[in-house]
Amino acid sequence: MWDDDDVTLLTVPGWGDSGHAHWQSRWELGYPLARRAAQRDWLYPDRDEWVAGLSAAAAGIPGRLVIAAHSLGCHTAVAWLLQASLSEQRRVKGLLLVAPPALPIAEAVARASGELPAGAPLPAFPGFEAPLAQRLPAPAIVVASRNDPFCGFEAAGRMAEAWGAECHDAGACGHIGSQAGLGSWPAGQSLLQRLILG
């Protein structure tokens, strides 16, 4: 039977999805109630389509949820929550927004990311031209690295301020994804627990 105190972890990967070594994938294995927002196309993201995918995942979750988003998934989660109904917003205990990229994503940065196969065309990233700058209707923590090639620390701080979120300094650990070698990322889990228990 479902307990009203149960909280589902909903992970929202970024561009290219999250592989087995990614902290999101490890959290899904270790957390008793975990779901992942699925997308039709992980390499050529469209914000409206990605928001619809997240909306479908959230609709299938009973009770409360906490969102752990990474990279472009952060902007997807923000866009979804800002357009969600009041009842949907009230179900969200919090958002952990890890390494949101500066928008728009520069071509040189995208090419250097390693997400695209050799010779593949660059995505147009429709809908991801600029970050939304509205206060979020749920508690949020932005986690930013000091040497993230996708986003400078000050730019991440400006996004956090616009969203009414706390900005957590993760030090110098790159893009805080699979390549960062964080394993199950205990420091991130501590931040997640703050949102769940808050």
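The values are calculated or read from the model by the stated rules, or taken from the named source; none is laboratory data. Being a predicted model, the structure only gives us computed values, none of them experimental. All Cβ positions, glycine included, derive from the backbone under ideal geometry; neighbour counts span all protein chains shown. Calculation scope for accessible area: heavy atoms of the full protein, side chains included, ligands and nucleic acids excluded. Shrake-Rupley method; radii C 1.70, N 1.55, O 1.52, S 1.80 Å.
Share of carbon and sulfur in the accessible area of the chain stands at 53%, probe radius 1.4 Å. Taken over the Cα atoms of segment 48-198, the convex hull encloses 118 Å³ per residue. Can you pull the percent of Cα pairs in segment 1-94 with separation above 16 Å? For segment 1-94, the fraction of Cα-Cα distances above 16 Å is 51 percent. By the helix-only formula, in which each DSSP H run with n ≥ 4 contributes -39500 (n - 2.57) and the sum is divided by residues, the chain has a 222 nm mean residue ellipticity of -10000 deg cm²/dmol. Using θ = phi - 60° in the Karplus curve 6.51 cos²θ - 1.76 cosθ + 1.60, the 3J(HN,Hα) couplings for segment 119-133 round to x, 6, x, 6, x, 8, 6, x, x, 9, 6, 7, x, 5, 10 Hz; x is entered for Gly and Pro. Between the beta carbons of residue 82 and residue 20, assuming R0 = 22 Å, the FRET efficiency works out to 0.10 to the nearest 0.05.
On full extension, the segment bounded by residue 146 and residue 132 gains 2.8 nm, given 0.36 nm per residue less the C-alpha separation. Check each of the trypsin sites (Lys or Arg not before Pro) in segment 29-137 and keep only those in coil by DSSP with at most 12 other C-beta atoms within 10 angstrom; list them in order. Loop-located and lightly packed - 40, 135. Rounded to a whole number of µm²/s, how large is the Stokes-Einstein D of segment 36-137 at 25 °C and 0.890 mPa s, given Rh as the Kirkwood radius over C-alpha pairs? In µm²/s, the coefficient rounds to 170. The angle between the Cα long axis of helix 47-59 and the main principal axis of the chain comes to about 20°, on a 0 to 90 degree scale. Under a 1.4 Å probe, what is the accessible area of the chain per residue, stated in Å²? With the other protein chains kept in place, the chain gives 46 Å² per residue.
Please compute, over every Cα-Cα pair in segment 118-198, the percentage with a separation greater than 16 angstrom. When every Cα pair of segment 118-198 is considered, 62 percent fall beyond 16 Å.
Going by accessible surface with a 1.4 Å probe and the largest first, 88, 161 read 161, 88.
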